[in-house]
Amino acid sequence: MFLNFNEKSRDNLPDFSFLTKYDNLNQLIETINFKGLNFDVLRLDLINEFWGGNKLFKLIENIKYVVKNNFQGVITFGGANSNHIYSTVALCNKLNIPCVICVRGLQDFATTSTLLFAEKNGAKIYYLNRTDYKNKTSTNFINYLMQLFPNYHLIPEGGNNFLGIKGCETILSTINETYKTIFCACGTATTFTGIYSSLKNEQTLIGISVLKGENKLIDNVNQNLNELKSNKLKINEWNNKSEINHSTILNNYAFNGYAAFNTSLIEFKHNFESLTQIPLDYIYTSKLFYGAIDLMLNKKINSNEKTLIIHCGGLQGNLDFEKRYQLSAKR
């Protein structure tokens, strides 16, 4: 469903029926057979060309909050290829909500299709050097932004706030099937926290972190669960030996960094796309599916029980990624 971005009206809000053409997410589930494994894929990438994927769920409660409380606009953060920025700009443009984006990096290097899209669709762009961007959550910096843009709602990088978590709690709410094991990609773990908060006791959620280094996401999730006064058990690290029987986040499929990759990952991506006709992005879903399938093949989860992999979208960044690293799409 393609939308006319010249339609600028905030009438009849909060009616967000335009967000997707699907009545419920059951319509987005595909059953896949790959390397002898059977599992289901929740194609959140198909929700909408501009704000599909998990980004919609992290944004929807934030946008409703903006409308309900008559904020003048939205401020958010991200890199030059950020899926979050892309989706935020698209939704704000659709609803005629002024949008300010603070981008990591200097303007001289910012010629990505994501930022061109943001500029074309009315966003005001501020470029921050890496030091300033690193301090973006400091009190002084936030106060400075609020002075520049009074009565603007600040959405953290990746939609990582309690409203984002609340939105992600609804992802499984319309799914008829009860899956034993569910996989999702993790950057900020906002989506993971929301899904885990809504999980049934007999279900296991496994997050595949795309970030390099020490796994701090588990502590972040537990801290958020505590602040939300959730009755869910804290998540723990997996011992990397026995079968996974509890919800956790794994840090061993990051391929050495957020935008890092090797030939194994690229070959997997091309093979999976060719055999399933499901497109993947390089940063999130390629690592997610690689990790989930590796765990199933090595019997670290029981692949005979119903398994769901959540496709979080993010495909808009593929062309810039391929251009930067001189990769062939082979699609």
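The values are calculated or read from the model by the stated rules, or taken from the named source; none is laboratory data. Here the structure is a predicted model, which means the values were calculated and not measured. All Cβ positions, glycine included, derive from the backbone under ideal geometry; neighbour counts span all protein chains shown.
Filtering the stretch 40-70 down to residues that are among the β-branched types (Val, Ile, Thr) and not assigned by TED's automatic domain parsing to the domain that holds Tyr133, which residue is farthest from the chain's Cα centre (by Cα)?
Among residues in the stretch 40-70 that are among the β-branched types (Val, Ile, Thr) and not assigned by TED's automatic domain parsing to the domain that holds Tyr133, the one farthest from the chain's Cα centre (by Cα) is Val41.
Please report, ordered by residue number, the strands (runs of 3 or more DSSP E) entirely within the stretch 116-198 with at least 1 residues that are under 13 Å from Cys102 (Cα atoms).
Fully inside the stretch 116-198 and qualifying: 124-128, 152-155.
Identify, from the list Lys120, Lys94, the residue that is over 18 Å from the mean Cα position of the chain (by Cα) and buried (at least 19 other Cβ atoms within 10 Å of the Cβ).
On the way: Lys120 fails: buried (at least 19 other Cβ atoms within 10 Å of the Cβ).
Sole residue among the options that is over 18 Å from the mean Cα position of the chain (by Cα) and buried (at least 19 other Cβ atoms within 10 Å of the Cβ): Lys94.
Mind checking which residues of the stretch 248-290 are touching a Phe, Trp or Tyr at 6+ places or on another chain (Cβ under 9 Å) and among the aromatic types (Phe, Trp, Tyr)?
Selection gives Tyr253, Phe255, Phe261, Phe268, Phe272, Tyr282, Phe289, Tyr290.
Would you point out which residue out of Gly79, Gly73, Gly36 is of a type in the set (Gly, Ala, Ser) and not assigned by TED's automatic domain parsing to the domain that holds Lys134?
Residue meeting the stated conditions: Gly36.
When only residues in the stretch 203-214 that are within 18 Å of the chain's Cα centre (by Cα) and not hydroxyl-bearing (Ser, Thr, Tyr) count, which is surrounded by the fewest Cβ atoms within 10 Å (Cβ to Cβ)?
The first filter runs over the stretch 203-214 and keeps only residues within 18 Å of the chain's Cα centre (by Cα), leaving 205-212.
So of that shortlist, the ones also not hydroxyl-bearing (Ser, Thr, Tyr) come out as 205-208, 210-212.
Details: Leu205: 24, Ile206: 26, Gly207: 29, Ile208: 26, Val210: 24, Leu211: 17, Lys212: 13.
Checked the stretch 203-214; the qualifying residue surrounded by the fewest Cβ atoms within 10 Å (Cβ to Cβ) is Lys212.
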